[in-house]
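The values are calculated or read from the model by the stated rules, or taken from the named source; none is laboratory data. Because the structure is predicted, anything quoted here is derived from the model rather than measured. FYI the Cβ positions are ideal-geometry reconstructions off the backbone, even for glycines, and counts take in every protein chain you see. Ligands, DNA and RNA are excluded from the accessible area calculation, which covers all protein heavy atoms including side chains. Shrake-Rupley method; radii C 1.70, N 1.55, O 1.52, S 1.80 Å.
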Amino acid sequence: MAEDLVPRSDEFGLAHADQSKAPITNHESASFGKQLLGFWVTFKTMFKKVNTVQYPEVKEPTAPRFHGRHQLNRHPDGLEKCIGCELCAWACPADAIYVEGADNKEGERFSPGERYGKVYQINYLRCIFCGLCIEACPTRALTMTNEYELADSTREKLIFEKDDLLGPLRAGMVPPPHPMYPNTDDSNYYRGEVTGSHPSQGVAKND
Amino acid sequence: MSNAELIGQDPGWVIALKGVLIFAVCVFLTIMSVWGERRIVARMQQRSGPNRVGKFGLLQALVDGVKLALKEDLIPKAADRVVFVIAPIISTTACFMAFAVIPLTGQVNFFGHTTVMQMTDLSVGVLYVLAIASVGVYGIVLAGWSSGSTYPLLGGLRSSAQVISYEVAMGLSLVAVFIYAGSMSTSEIVAAQDRLWFAVLLFPSFIIYAISMVGETNRAPFDLAEAEGELVGGFHTEYSSLKFALFFLSEYVNILAVSALATTLFLGGYKALPGLGFTEQWLGGWFTLVWFFVKVLGFFFVFVWLRGTLPRLRYDQFMKFGWKVLIPISLAWILFVATLRVMFQQGAPQLVVGVFVFSIAIIFIGINTLLDRKKVDVAKALRENKSSDPDFPVPVIPNSRTEQING
């Protein structure tokens, strides 16, 4: 079992299996001269470039896979990917997500298939940004952006509604509700075979 | 005319003005040194420190002060109201009063009146400073006691125990200075360092003073009484608003006061650095003020440097260091200095002095070697695992546990 505990790399110079097994040999404390070297370290550091980022003025990009605010994605023709299955809400350890699904009706279709998310709320006072909801989502409707500036002054403002979370309409997308692409069903959508909107679906956004 | 005579001729308005100036300078320096400390410590940790309020964050401490003053002033129900209010006042007053005997300049023209920037010149000036510092301890004890709460009481006791212990070492380190200067008056001690600073002549005294002044002011690495991470905040836990600000002020003025005393006693006070004596005449003598504050701020930088470098001591180690190391060493050093001094004054032949110094050196080296050998023995025993069980409980070492599981 002990082998399993061996760290994969000592990139950070931290725990090393051999190190922890080696008997402790240095019983003498560092000599007085060596201890004085500590003063040189702090003195030297004074003339180094500071690490601080002047945050509100200077914003450094986050890591590409940083867990930020959520986004509800759309299919290329503008229909929503969310099917209102509530798996995200069930996966959420902090109970931050509330979903109410509803049936797509003839003439009032929001997503391909039977159901769509009618109410979708994420409470950012509870969310811990663990990303389990993203793993749970079967249609890749829910993903996370890199946006992290989520502070606000009231509790109400921090409960994000569907409108706040939906991704923007891109060029070629038609704002739902609108019918599915002609002669397709929902599985065509999931296979990625629908790559844009059809004139019969409505007027597409063009920029 | 000597400094004491000059001060004796001061009319009342000069004395009053000096007092106000000293107060103003101390408060101003406190505000600036809070800013300076935060900036310097930040740079030592590769941060930038406060830089938002004003240019380079210069107004940060001022704004913090305003914030403190505007906070709600709480007095706990269990507190002894009168003492609770008086304690911070005692602390603050005491540390300002220490500045009364510190000579800040040589002879200057003060609004048409020739004087020195020193409120008064007591013949026992340094003793007065030590006495006033002891009065300051009352502020700490009373604050801790009157809060009517456990942590402040413990913090207050710790602080006062610490300050009193290090005052002993501090007082002893000054004795050698008195012996050499032949006076306890601050201005005469400065004058006695005309040729050679006492920091050089009495180097061990200087080191002991420098260490004990850090202990005396409750500063890192000796800030056990208000260790933010471990205790709630020491004696001033229950204080808020202006009363807390007073303790804050007294802490920094105290740092300035012990630094000023160190400057006066060991670094030649307001005198220029060796070889730059001509600058003392600049600006009609006022340039000596610059020298004085350069030295004081140098000490302040060392305070900050210590805080940035050293981890906090354990309380028992700290007390052991004060009582078992600093005090015996200063006692031995005083004996040595006093004997030498008497020998020189009685005109002892050089051979006798030489033999004396030589034998003392032999004894010193002998003790040192014995101690070293003992240390090596302990280390060797530990290395050979003869005494692998220390006489205090230790947590299980992870290795041995894995071996047990595997075996």
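Could you tell me what percent of the accessible area of chain B is made up of carbon and sulfur, with a 1.4 Å probe and every protein chain present?
Here carbon and sulfur together make up 68 percent of the probe-accessible area.
Eight or more residues apart or on different chains, and alpha-carbon atoms under 30 Å: count the Lys pairs in chain B matching that.
Close lysine pairs under the 30 Å cut-off: 23.
On average, how much accessible surface per residue is there in chain B, in Å², for a 1.4 Å probe, leaving out ligands, DNA and RNA?
With all protein chains present, chain B gives 51 Å² per residue.
Let me check something: with ligands and nucleic acids excluded, how do B:LYS77, A:LYS105, B:LYS295 order by accessible area (1.4 Å probe), largest to smallest?
Correct descending sequence by accessible area is B:LYS77, A:LYS105, B:LYS295.
Counting only protein heavy atoms, probe 1.4 Å: which residues of the stretch B:21-68 lose 30 Å² or more of accessible surface in the full assembly compared with their chain by itself?
Residues shielded by partner chains are B:ARG43, B:MET44, B:GLN46, B:SER48, B:ARG52.
Please label the shape of the stretch B:1-129 as rounded, prolate or oblate, based on the square roots a ≥ b ≥ c of the eigenvalues of the alpha-carbon gyration tensor (a/c under 1.5 means rounded; beyond that, a/b larger than b/c means prolate, else oblate). Could you put the intermediate results ahead of the total?
Numbers: a/c = 2.45, a/b = 1.44, b/c = 1.70.
Note, shape of the stretch B:1-129 comes out oblate.
Compute the distance from the alpha-carbon center of the stretch B:287-330 to that of the stretch A:33-84, in whole Å.
Taking the Cα centre of each part, the stretch B:287-330 and the stretch A:33-84 sit 38 Å apart.
Dipole size in debye (nearest 20) for the stretch B:4-154 around its Cα centre, Lys and Arg Cβ +1, Asp and Glu Cβ -1?
So the magnitude is around 800 debye.
Any idea of B:MET117's accessible area? Nearest 10 Å², probe 1.4 Å.
Counting only protein heavy atoms, B:MET117 exposes about 20 Å² to solvent.
For the stretch B:3-348, with only Lys/Arg (+1) and Asp/Glu (-1) charged at the beta-carbon, what is the dipole magnitude about the Cα centre, in debye rounded to 20?
Roughly 820 debye for the stretch B:3-348.
GNM, chain B, Cα, under 10 Å: largest mean-square fluctuation among B:MET184, B:MET170, B:MET32?
The residue with the greatest mean-square fluctuation here is B:MET32.
Can you bin chain B into rounded, prolate or oblate? Criterion: square roots of the alpha carbon gyration tensor eigenvalues sorted a ≥ b ≥ c, rounded for a/c under 1.5, prolate for a/b above b/c, oblate for the rest.
Values: a/c = 1.91, a/b = 1.13, b/c = 1.69.
Judged from the Cα gyration tensor, chain B comes out oblate (a/c at least 1.5, b/c at or above a/b).
Quick check on chain B: helices-only [θ] at 222 nm, where DSSP H runs of length 4 and up contribute -39,500 (n - 2.57) each and the sum goes over total residues. Nearest 500, please.
Result for chain B, helices only: -22000 deg cm²/dmol.
Magnitude of the Cβ-charge dipole of the protein assembly as shown, K/R +1 and D/E -1, about the Cα centre, nearest 20 debye? Before the final figure, lay out each step's value.
On the way: 53 positive and 55 negative charges, 319 e Å.
So the magnitude is around 1520 debye.
Distance between Cα centroids, the stretch B:206-257 to the stretch A:190-205: provide it in whole Å.
Answer, in whole Å: 71.
Answer with one residue from A:PRO176, A:SER111, A:LEU142: the one whose Cα lies farthest towards the positive end of the charge dipole of the stretch A:69-187, charges on Cβ with Lys, Arg +1 and Asp, Glu -1.
The residue sitting most towards the positive pole is A:LEU142.
Per residue, how large is the accessible surface of chain A? Use a 1.4 angstrom probe and give square angstrom.
Result: 68 Å² of accessible area for each residue.
Along Cα→Cβ, 7 Å out, is where each label goes; now give me the distance between the ones at B:ALA332 and B:ARG52 in nm to one decimal.
Result for the modelled spin labels: 5.3 nm.
Using a Gaussian network model of chain B whose springs link C-alpha atoms within less than 10 Å, name the residue from B:PRO328, B:PRO76, B:PRO11 with the highest mean-square fluctuation.
Greatest mean-square fluctuation among the candidates belongs to B:PRO11.
Shielding by partners for A:36-44, please: the mean number of other protein chain Cβ atoms within 10 Å of each residue's Cβ.
Per residue, the average neighbour count from other chains is 4.
Hand me the GluC sites (Glu not before Pro) from the stretch B:1-100 located in a DSSP loop with no more than 13 other Cβ atoms within 10 Å, in residue order please.
Sparse-neighbourhood loop GluC sites (Glu not before Pro): B:GLU72.
Which whole number gives the average, over all residues in A:48-57, of C-beta atoms from other chains lying within 10 Å of the residue C-beta?
3
Quick one: pull the percent of accessible area on the stretch A:69-187 belonging to carbon and sulfur, 1.4 Å probe, ligands and nucleic acids left out.
With neighbouring chains kept in place, the figure for the stretch A:69-187 is 49 percent.
Per residue and in cubic angstrom, what volume does the convex hull of the Cα atoms of the protein assembly as shown have?
Hull volume over Cα atoms, normalised by residue count, gives 263 Å³.
For every other residue with a beta carbon closer than 15 angstrom to the beta carbon of A:PRO112, add +1 if it is Lys or Arg and -1 if Asp or Glu, then tell me the sum.
Net local charge, A:PRO112 excluded: -2.
Once each part is reduced to its C-alpha centroid, what is the distance from the stretch A:92-124 to the stretch B:331-371 in angstrom?
Here the answer is 91 Å between Cα centres.
If I fit a long axis through the Cα atoms of helix A:32-45 and take the longest principal axis of the Cα atoms of chain A, what angle between them do I get, 0 to 90°, rounded to 10?
That helix lies at roughly 40 degrees to the long axis.
Please compute how much accessible surface disappears when B pairs with A, both sides summed, using a 1.4 Å probe, and round it to the nearest 100 Å².
So the buried area, both faces added, is about 1800 Å².
Which of the helices in chain B meet the span-like rule: DSSP H, Cα axial reach of 18 Å or more, Kyte-Doolittle mean at least -1.0?
B:12-44, B:81-97, B:125-146, B:150-181, B:203-216, B:241-266, B:287-309, B:327-345, B:350-383
Which residues belonging to the stretch B:308-328 lose at least 40 Å² of 1.4 Å-probe accessible area when the assembly is complete, relative to their chain isolated?
B:THR309
How would you rank B:60-70, B:132-142, B:209-219, highest first, on the average number of other Cβ atoms within 10 Å across their residues?
Listed from highest to lowest mean packing, they are B:209-219, B:132-142, B:60-70.
Need one word for chain A: rounded, prolate or oblate. Basis is the Cα gyration tensor (sqrt eigenvalues a ≥ b ≥ c); a/c below 1.5 gives rounded, then a/b vs b/c decides.
Note, shape of chain A comes out prolate.
Name the residue farthest towards the positive end of the dipole of the protein assembly as shown from the options B:PHE303, B:SER147, B:TYR128, assuming +1 on Cβ of Lys and Arg, -1 on Cβ of Asp and Glu, about the Cα centre.
Ranked along the dipole, the leading option is B:TYR128.
Using a cut-off of 14 Å between beta-carbons, work out the net charge of the residues near B:PHE110 (Lys and Arg +1, Asp and Glu -1, B:PHE110 not included).
Summing Lys and Arg as +1 and Asp and Glu as -1 gives 0.
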